[in-house]
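Enquirer: Below is one structure. I have some questions about it.
The values are calculated or read from the model by the stated rules, or taken from the named source; none is laboratory data. These figures come from a predicted structure and were not determined experimentally. Ideal geometry is used to build each Cβ from the backbone, glycine not excepted, and the neighbour counts take in all protein chains shown.
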Amino acid sequence: MAERILIPLDGSAVGEAALHYIEETVSKLKPEEKPEITLFYVVAAQIRLLATEAGPVEVPYSDKELEQAKKVALDYLNKAAEALRSKGVVVNCKVAAGKAADEIIKAEREVDADLVAMSTHGRSGFSRWAFGSVTDKVLRGGKVPVLMVRVAERAAKK
């Protein structure tokens, strides 16, 4: 098992699939075998659209709004960490702002992760081309193995 695992989360049930998989796996390990886990959230939307008579206008978030979004994200991560912590796992929570894939790759280096565990929607074809794939970008751009947990949308809604 890896010694340091980075788990990017986005607040969705689909996004938490890898977290639940790691929780289940870690619960079977002896205390001395348990990895250190970093839960990571990227506040991606740094610009919002404002409706005006002339049409939508992009307006950057203020520093105060961005800090509030980071606080909400950190609260979410700490709540998500509770189950792992109750199993004796050391869990760190980290929030960044920017483009998700770039920030995940950067965090991989910063926390010296030897595994990234992340959920994927399993898109293919046109939808993958149109929406891109954060998981694919991390897989190709990162330096450590990526455990991809694929989840069907309908399974995540249960």
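Enquirer: So which pairs qualify, if the first residue must be in the stretch 1-24 and free of Cβ contacts under 8 Å to residues at least 60 places away in the same chain, the second must be outside any strand (DSSP E or B) and surrounded by fewer than 17 Cβ atoms within 10 Å (Cβ to Cβ), the Cβ gap must be under 7 Å, and the two must be at least 6 apart or on different chains?
Expert: Cβ pairs passing all conditions: Met1/Leu29; Met1/Glu33.
Enquirer: So if I check each of Lys79, Lys71, Lys87, Lys106, which one is modelled with pLDDT under 95 and either crowded, with 17+ Cβ neighbours inside 10 Å or out of contact with any Phe, Trp or Tyr (no Cβ under 9 Å at 6 or more places or on another chain) (or both)?
Expert: Lys87 is the lone residue from the list that is modelled with pLDDT under 95 and either crowded, with 17+ Cβ neighbours inside 10 Å or out of contact with any Phe, Trp or Tyr (no Cβ under 9 Å at 6 or more places or on another chain) (or both).
Enquirer: Hey, could you check the stretch 25-68 for residues that are touching a residue at least 12 places away in the same chain (Cβ under 8 Å) and assigned to a helix (DSSP H, G or I) and say which is surrounded by the fewest Cβ atoms within 10 Å (Cβ to Cβ)?
Expert: For the stretch 25-68, the residue satisfying everything is Pro31.
Enquirer: Turning to a different aspect of this structure: Among the residues of the stretch 1-27, what is the count of those that are modelled with pLDDT under 90, within 14 Å of Val151 (Cβ to Cβ), of a type in the set (Gly, Ala, Ser) and out of contact with any Lys or Arg (no Cβ under 8 Å at 6 or more places or on another chain)?
Expert: Number of matching residues: 2.
Enquirer: Conditions first: (1) at pLDDT below 90; (2) in contact with a Gly (Cβ under 9 Å, 6 or more places away or on another chain); (3) of a type outside the set (Phe, Trp, Tyr). Gly125 passes all but one, so which condition is the exception?
Expert: Of the numbered conditions (1) at pLDDT below 90; (2) in contact with a Gly (Cβ under 9 Å, 6 or more places away or on another chain); (3) of a type outside the set (Phe, Trp, Tyr), the odd one out for Gly125 is (2).
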